[in-house]
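Following: one structure in structure tokens, then a few remarks.
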Number of protein chains: 2
Amino acid sequence: MNPLKREAHHPGAIDVLNKGIGLLEQPIAPNEIARRNWNLLREDLALPAAVLYEDALHHNLEWMRQFMAAYGVRLAPHGKTTMAPRLFDLQLRAGAWGITLATAHQTQVAYVHGVRRVLMANQLIGKQNMAIVAALLRDPEFEFYCLVDSAEQISQLGSYSSQSGNRLNVLLEVGVEGGRAGVRTREQVQLILDALGKWSHAIALCGVEVYEGVLDDEAAIRAFLLHAVDVTKEIAAKKLFQRSPILLSGAGSAWYDVVAEVFSSRNFECPVEVVLRPGCYLTHDVGAYRVAQDRILKSNPVARHMGAGLKTALHIWAYVQSVPEPNKAIVGLGRRDAAFDSGLPVPALHFRPRSIPCRAAPEAAPAHWTVTRLMDQHAYLQIAANDDIRPGDMMAFDIAHPCLTFDKWRVLALVNGAYDVVDLIQTFF
Amino acid sequence: MNPLKREAHHPGAIDVLNKGIGLLEQPIAPNEIARRNWNLLREDLALPAAVLYEDALHHNLEWMRQFMAAYGVRLAPHGKTTMAPRLFDLQLRAGAWGITLATAHQTQVAYVHGVRRVLMANQLIGKQNMAIVAALLRDPEFEFYCLVDSAEQISQLGSYSSQSGNRLNVLLEVGVEGGRAGVRTREQVQLILDALGKWSHAIALCGVEVYEGVLDDEAAIRAFLLHAVDVTKEIAAKKLFQRSPILLSGAGSAWYDVVAEVFSSRNFECPVEVVLRPGCYLTHDVGAYRVAQDRILKSNPVARHMGAGLKTALHIWAYVQSVPEPNKAIVGLGRRDAAFDSGLPVPALHFRPRSIPCRAAPEAAPAHWTVTRLMDQHAYLQIAANDDIRPGDMMAFDIAHPCLTFDKWRVLALVNGAYDVVDLIQTFF
């Protein structure tokens, strides 16, 4: 029996020591939370708290399912965004082909929680990382792909795989000058193919992978994708792929429409399975991905006909802590709680809870309220003199960059339309 | 019995799902790790991993103990930096008066792990946050202070404390125009004193608190500290403090020398206990705190006579993953692993492990190796053509800003001088 299959991990208990939930006398299972009748607006969560909106999550799952189906491509959402196995499960139930991950550790987390097909969109490097994957591959039901982009790396991987007795599935990473990993030239491709030839008993070449997100210009991205298509065709012509259909994978969260269009419209003369990897669609944001979505809704014919686009499914809620100057409030929300690398959090909702004179429902935060600075545990909020804002008020913030927000929370509260806490979503970073 | 005192939390088991440790068949207690004979250079950790150096940690603990003793002031190191109760314990054993924390959640984590004196350098806001603290205060051995800076907040706090039957210790936060929370004017001070008068059965004013780190000019900081001294004297003259000695607290990790000098040299005409709150001294960094330490070693007479200053006690280790261009390597270390808000990670050490032709010990990374970009899971490393660097090489990186590095790791490995893993340090963010 694979020791990693132990029941203890399905599901883990939520500890009393997790931030963003509240006072618990003892650890509870996530599915016990609904019975507690916690409600966000009744202050049953200790803020700051990360809150996921059930309705928007399901809308986004369905939106992306339809989009991928329209192009006839597979979805392997990038799980590094959330590292929340409960959300992986929702994605798989919504038709995802598998889960994309970035590291051996992340792969292990997914496996332990039931994911059985992983595209690790990275090179597998280092003794323990290889050992982690080798342990998972003892389960014949586990399907795993990782990337190769150098003869040196293939030699290390082949040597380890030979010893462990697993044949490892790999994709050739095709990169771009100025970009991240991946081969730049046809000479490099040939070196890889030569190296793979030496290790064919231990490594199976199954396809080609790109990450176009290192570029930010559509024309350059299209050229790069067509180059990857050409490389795929050349290797296919040499009959060097060990899988049919050949896997061809690309797409981060900003350009998946272009990748879907380019990859699905090529004629490969052999079966090709296109696998796209956006991750941030699940919660969306108000930063780079809203900009990307606006472009997609304007320019992509499939998205244009799908009606409402992706919805914001993640807020950070926090208390106003001080109003020390007429134009400034201090909010208990900091760089420990929300991403700040792609834009500061944006005030979305304002609510005065029942313990002080009551408002019935959150109102939209005034447009002139702006976060001007984020410290480790505090936000500076610019307000206008005489704005109605007090210590103890609750505020919800939109965030930019879900990946670097999820990793600040071990537990997120899932709420329904009435702000009842219906589930707790754990992360494993 | 206080339900939060349960044995289960002393210490928690390290889960197989934590990144940065390696393949574990089942959860283990942190103190069982030494018996495994793991060694970092033998690749017994799955990189990326956060590594603490035992010798440097103990040096820094002793350095700060001596510094504080020379000024006759108390140390309540800011625990938000590490949120690692094992490190809180080391700090308390090295003479710390208590632990400073930023939130009710952090206070709960510290309490559950044995900390019995907490200065929460923040306003306590919100029903559940008050409930968490009220539960801890059922233990008469638990000493707790938090901040007040508005009548509205005092009214909420007083109302809750009256109901829960605890008398809450508070410090008046004195702030500065353009800064964070805290009263700016003497009129605001008077409003606070009036509000405290109404709630004297529920709230005890024990002292004054400042955070000078919102300023970055020494002259302005000195003026601000002297203002806080004056406010303290004025309230003392009115005999409105409920504690003797009066608590006077300040100091982040950059200006603790100036705060120690200013606060310890004043004549208060009544007993005053000065409590300073630096947190980053424990691991130090190569960013803002190295700059601060250089200034301190030059300008502070006590530090000048103490010999070696603070030492770097924290590295992130990662694998070189690809060398796709002659001048670029890609390293498996990203914004998920290291702080980037105060400077990118800096290459410190380079090592080629035994699985490939061996080097005996890590060498200093060449000075021209530079991190030029950090993505979620990757670093772009600028190198020179023909540098001896390969996929599978290990590198250690210095970091800037320990606070935003610790919070990316649930477990850090403590190593001795031979890179043996002697302990695992858990965090609770």
Next on the checklist: Which condition from (1) more than 16 Å from the chain's Cα centre (by Cα); (2) away from chain A (no Cβ under 14 Å); (3) touching a residue at least 12 places away in the same chain (Cβ under 8 Å) is the one that B:VAL118 breaks?
Outcome noted: (1)
Checklist outcome for this item: In the set A:VAL346, A:VAL331, A:VAL274, the lone residue that is among the β-branched types (Val, Ile, Thr), touching a residue at least 24 places away in the same chain (Cβ under 8 Å) and open to solvent by less than 10 Å² (accessible area, probe 1.4 Å) is A:VAL331
Checklist outcome for this item: Checked A:PRO353, A:PRO391 against criteria (under 25 Å from A:GLU54 (Cα atoms), facing another protein chain (nearest Cβ under 8 Å) and touching a helix residue (DSSP H, G or I) at 6+ places or on another chain (Cβ under 8 Å)); the one match is A:PRO353
Checklist entry - Looking at segment A:73-87, is at least one residue over 23 Å from A:ILE425 (Cβ atoms) and at pLDDT 95 or above? => result yes
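Residues in segment A:163-206 that are part of a helix (DSSP H, G or I) and out of contact with any Ser or Thr (no Cβ under 9 Å at 6 or more places or on another chain): how many?
Residues flagged as part of a helix (DSSP H, G or I) and out of contact with any Ser or Thr (no Cβ under 9 Å at 6 or more places or on another chain) within segment A:163-206 amount to 10.
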Checklist entry - Does at least one position in segment A:94-115 carry a residue that is touching a Pro at 6+ places or on another chain (Cβ under 7 Å), under 22 Å from A:ILE425 (Cβ atoms) and more than 14 Å from chain B (Cβ to nearest Cβ)? => result yes
Checklist outcome for this item: Across segment B:356-395, the tally of residues that are touching a Gly at 6+ places or on another chain (Cβ under 8 Å) and among the basic types (Lys, Arg) stands at 0
Item to check | Cβ pairs under 8 Å, 6+ apart, first in segment A:53-73 and without any contact (Cβ under 8 Å) to a residue 40 or more places away in the chain and more than 15 Å from A:CYS280 (Cα to Cα), second of a type outside the set (A, V, I, L, M, F, W, C) and surrounded by 14 or more Cβ atoms within 10 Å (Cβ to Cβ) | outcome: A:ALA69/A:GLY95
Item to check | Breaking point among (1) under 30 Å from A:LEU215 (Cβ atoms); (2) assigned to a helix (DSSP H, G or I); (3) open to solvent by 30 Å² or more (accessible area, probe 1.4 Å); (4) of a type outside the set (S, T, N, Q), for A:TYR160 | outcome: (1)
Item to check | Candidates A:ARG42, A:ARG74, filtered to the one that is within 12 Å of another protein chain (Cβ to nearest Cβ), open to solvent by 10 Å² or more (accessible area, probe 1.4 Å) and not polar (S, T, N, Q) | outcome: A:ARG42
Checklist entry - Hey, among A:ARG373, A:ARG359, which residue is at pLDDT below 95 and open to solvent by 10 Å² or more (accessible area, probe 1.4 Å)? => result A:ARG359
Checklist entry - Restricting attention to segment A:212-236, which residues are open to solvent by less than 10 Å² (accessible area, probe 1.4 Å) and charged (D, E, K, R)? => result A:GLU212
Checklist entry - Considering segment A:117-130 alone, what residues qualify as being open to solvent by 20 Å² or more (accessible area, probe 1.4 Å) and over 23 Å from A:GLY252 (Cβ atoms)? => result A:LYS127, A:GLN128
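Sort out which residues of segment B:169-200 are away from every other protein chain (no Cβ under 13 Å) and closer than 18 Å to B:LEU124 by Cα, and write them in order of number.
B:ASN169, B:VAL170, B:LEU171, B:LEU193, B:LEU196, B:TRP199, B:SER200
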Next on the checklist: Condition first: open to solvent by 50 Å² or more (accessible area, probe 1.4 Å), more than 8 Å from chain B (Cβ to nearest Cβ), within 20 Å of A:GLU234 (Cα to Cα) and out of contact with any Pro (no Cβ under 6 Å at 6 or more places or on another chain). Can you find one or more residues in segment A:203-211 that meet it?
Outcome noted: yes
Checklist outcome for this item: Within segment B:28-39, residues surrounded by 15 or more Cβ atoms within 10 Å (Cβ to Cβ) and modelled with pLDDT under 85 come out as B:PRO30
Item to check | Hits in segment A:397-429 - residues which are closer than 21 Å to A:PRO345 by Cα, part of a strand (DSSP E or B) and more than 14 Å from chain B (Cβ to nearest Cβ) | outcome: A:PHE397, A:ASP398, A:LEU414, A:VAL415
Checklist entry - Of the residues in segment B:246-274, how many are among the hydrophobic types (A, V, I, L, M, F, W, C) and assigned to a helix (DSSP H, G or I)? => result 5
Checklist entry - A:VAL133: more than 20 Å from B:MET375 (Cβ to Cβ), within 13 Å of chain B (Cβ to nearest Cβ) and open to solvent by less than 10 Å² (accessible area, probe 1.4 Å), yes or no? => result yes
Checklist entry - Taking the stated definitions as given, is B:VAL323 part of a strand (DSSP E or B), surrounded by 16 or more Cβ atoms within 10 Å (Cβ to Cβ) and within 10 Å of another protein chain (Cβ to nearest Cβ)? => result yes
Checklist entry - Mind checking whether some residue in segment B:276-287 is within 25 Å of B:ARG117 (Cα to Cα), modelled with pLDDT under 95, in a loop (DSSP other than H, G, I, E, B) and away from every other protein chain (no Cβ under 14 Å)? => result yes
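The values are calculated or read from the model by the stated rules, or taken from the named source; none is laboratory data. Just so it is clear, the model here is predicted, and its values are computed rather than measured. Neighbour counts run over all protein chains shown; Cβ positions are idealised from the backbone, glycine included. Accessible surface is based on the protein model in full, side chains and every heavy atom, while ligands, DNA and RNA are left aside. Shrake-Rupley method; radii C 1.70, N 1.55, O 1.52, S 1.80 Å.
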